[in-house]
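Enquirer: Pasting in a structure now, in structure tokens, and then I'll have a few things to ask.
Coordinate-derived values only; no laboratory data. Since we're looking at a predicted model, the values are computed, not measured. Cβ: placed from backbone, ideal geometry, glycine included. Neighbour counts: every protein chain shown.
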Amino acid sequence: MPSGGPLRDARRSAATVATNRGLRALNVAWAGSILGEHLTLTGLGISGFGASGVAGVGLIAIAQMLPAVLVAPFAAVLGDRFRRERVLALTELVRAVASALAALAVATGAGSWAVYALAGVLGASRTAYYPAQAAIVPLLARHPHEVTACGAAFNLTKNAANLAAPALAGLMLLAWPLGAVFALGGGVFMAAATVATLRIPSTAGLRSPIRAARPVAELARGFRAAAGDPRLRIPLALSAAQGVGRGAINVLVIVIPLQLLSLSDAGAGFFSALIGLGGIAGVGVSLALVGSRRLAWPMVLGLVAMGAPYLLPAAEPVTWAAVAALLAAGVGNAVMGVAGMSLLVRESPDDVLSRVMGVQEILRAAGIIVASLGVPLLVEPLGLRTAMVVLAGGLTAVALALGPGARRLDRSSAAPPPEAGLVAASPLFGRLLPVSRERVTRRMRQEAVGAGQEVVRQGDQGDRVYLAVEGTYRVEVDGRLITTLGRGAVFGEIALLRDVPRTATVRATVPGRVLTLERDEFLSAVLGHPVATEDAERLAGQRLREHPVHPG
């Protein structure tokens, strides 16, 4: 990273996104997608409130999120099985058709059930879009810092749309019926599909699609990766809490202006824009995270910002207090979005990245459902002001509970990766995509070896691969010297690639050090990318040809 202070470094890193053709096109497509989404969300919220009041707003949110929870595990597989830019384009086409049908339903008075059904289609389709969108970033990024910078750009665009779309909807509703909002949303979705199809570079050949398997087995791998890795559990738990905060926003951004402040429908549209304004401010805060290894604790602080400020309008039900609470919620949501995406992309195995992002979508959607049901249920017996106090206390308590784990994750991530230059120069790891190589390097562990120590023993099962840092190593077969290895040599890979027992013994001749990488991490990284797979197979084949038995 260049020198000059964290904020200057953040601006420089973020600017690199504009010079990356692939990430630039991805952000343009995202701009159309999120603008169309917020236009339709505003229309759905107003339609729901007009039909059933507070309960109608909650039902609209549930109608979107319940199908999302059910479909997300299957939809997330699409980003790992097919080219991710094609998944984005197809999703936008589905959204465009659903928005057009929503406009028709409202114009013809088809009834609230039709709007609820179309809300479900929109909610289900987004569960394929977001995992594929996040998973395409490391394929296009030229440096790991671009992942966080792109996350900030995504959130800046998202919150600009959250600011512009409700305001635009408010202006439209002054002159046109509600169906016009849905029609415009459909047109924007179609434009986004066109950009995704024509402008985002092809990702063919940048990764290996998952092998054909039973759908249940494919889904289970994503859940196992999410549940089994402590580096993923904290950001996923915080993402679930973020969903609760976001679900509360979806309800309160309509209920506060219409019920607490007694504004008109158009006023509600303008009031909703506050979330986008706060989000833009949150992205400004998030730019300081570009290049930072500490991303979990900012998620905790973001969750506090999403909950605690509701105490203001609860204590003083006036416009300034409601404005402050929603602005703060927008800031917190943006910070959590940038840090959460960056953490999961950074830590998830390559071959299940889209599915891990799908797990995040499930958890967030479940949180939105909980809040969409819970807030109206609390408002009915307790009143809106008391319900906001309960919400503020609950989100803050969750943040405090997850805080220690977040600090531990940040401390472990802040340690510099061992021998990054040596890993980058390795014939086995050097041609990995930048984000993958950085993750592999951080997950390697250093081990000291003594003179005469057997690092690999012939006949044992292979559980890791080794990269020599210091020392020299004898390769022996049945006690006979085959070759000698030194700094930068990789050994132990053949047993993992070919799934066979160790074919030789590797013995240190002098005290030294090695880097180790566990089996699953190695296979996920190397077999997840066609170039790396080809390099690994060529290296293994060359060694076996030169020495029929090599240190596997």
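Enquirer: Search the structure for amide H atoms under 5 Å from the amide H of L263, placed 1.01 Å from N in the peptide plane, and list their residues when 5 or more places away or on another chain.
Expert: Close amide H contacts, sequence-distant or interchain: L258.
Enquirer: Further question on the same structure: For a protection proxy built on the mean count of beta-carbon atoms within 10 angstrom, sort 424-431, 192-199, 80-87 highest first, please.
Expert: In descending order of packing, they fall as 80-87, 192-199, 424-431.
Enquirer: ³J(HN,Hα) across segment 97-109 via Karplus (A = 6.51, B = -1.76, C = 1.60, θ = phi - 60°), whole Hz, x for Gly/Pro?
Expert: 5, 4, 5, 5, 5, 5, 4, 5, 5, 5, 5, 9, x
Enquirer: Over the chain, calculate the relative contact order: mean separation of alpha carbon pairs under 8 Å at least 6 apart, over the residue count, as a percent.
Expert: Working: 1111 pairs, mean separation 98.3, N = 552.
Here the relative contact order equals 18 percent.
Enquirer: Whose amide H sits under 5 Å from the amide H of T483, counting only residues 5 or more places off or on another chain, with H placed in the peptide plane?
Expert: Amide H to amide H, under 5 Å and 5 or more residues apart or across chains, T483 pairs with V475.
Enquirer: Between the helical axis of 230-255 and the dominant principal axis of the chain, each derived from Cα atoms, what acute angle in degrees is found, rounded to the nearest 10?
Expert: 10 degrees
Enquirer: Non-local amide H neighbours of G488 (under 5 Å, H modeled in plane, Pro and chain starts lacking H): which ones?
Expert: A468, V469
Enquirer: Evaluate the distance, in nm, between pseudo-label points positioned 7 Å from the Cα of Q259 and of V390 along their respective Cα→Cβ axes.
Expert: Modelled inter-label distance: 1.2 nm.
Enquirer: Could you derive backbone 3J(HN,Hα) for segment 76-82 from the dihedral phi with the Karplus parameters 6.51, -1.76 and 1.60 (θ = phi - 60°), listing whole Hz in sequence and x where the residue is Gly or Pro?
Expert: 5, 5, 4, x, 8, 8, 10
Enquirer: From the backbone phi of segment 305-315, what are the Karplus-calculated ³J(HN,Hα) couplings (6.51 cos²θ - 1.76 cosθ + 1.60, θ = phi - 60°) in whole Hz, Gly and Pro given as x?
Expert: Along segment 305-315, the couplings run 5, 6, x, 4, x, 5, 5, 5, x, 5, 7 Hz.
Enquirer: A further question follows. Can you tell me the orientation of helix 215-228 relative to the chain, as the angle in degrees between its alpha-carbon axis and the longest Cα principal axis, to the nearest 10?
Expert: Helix 215-228 sits at roughly 80 degrees to that axis.
Enquirer: How high is the relative contact order of segment 306-377? Use alpha-carbon pairs under 8 Å, at least six apart in sequence, and give a whole percent.
Expert: 22 percent
Enquirer: In deg cm²/dmol, rounded to 500, what helix-only [θ] at 222 nm does the chain give when every DSSP H run of at least 4 residues adds -39500 (n - 2.57) and the total is split over its residues?
Expert: Estimated from H runs of four or more residues: -25000 deg cm²/dmol.
Enquirer: In degrees between 0 and 90, to the nearest 10, how far off the longest principal axis of the chain does helix 179-198 point, with axes built from Cα atoms?
Expert: 20 degrees
Enquirer: So, by mean Cβ neighbours within 10 angstrom, what's the order for 474-481, 238-245, 353-360, 451-458 with the highest one leading? Write out the running numbers ahead of the final one.
Expert: On the way: 474-481: 14.1, 238-245: 25.6, 353-360: 29.5, 451-458: 16.0.
Highest mean packing first, the order is 353-360, 238-245, 451-458, 474-481.
Enquirer: Go through 160-173, 129-142 and give me the packing order, highest mean Cβ count within 10 Å leading.
Expert: 129-142, 160-173
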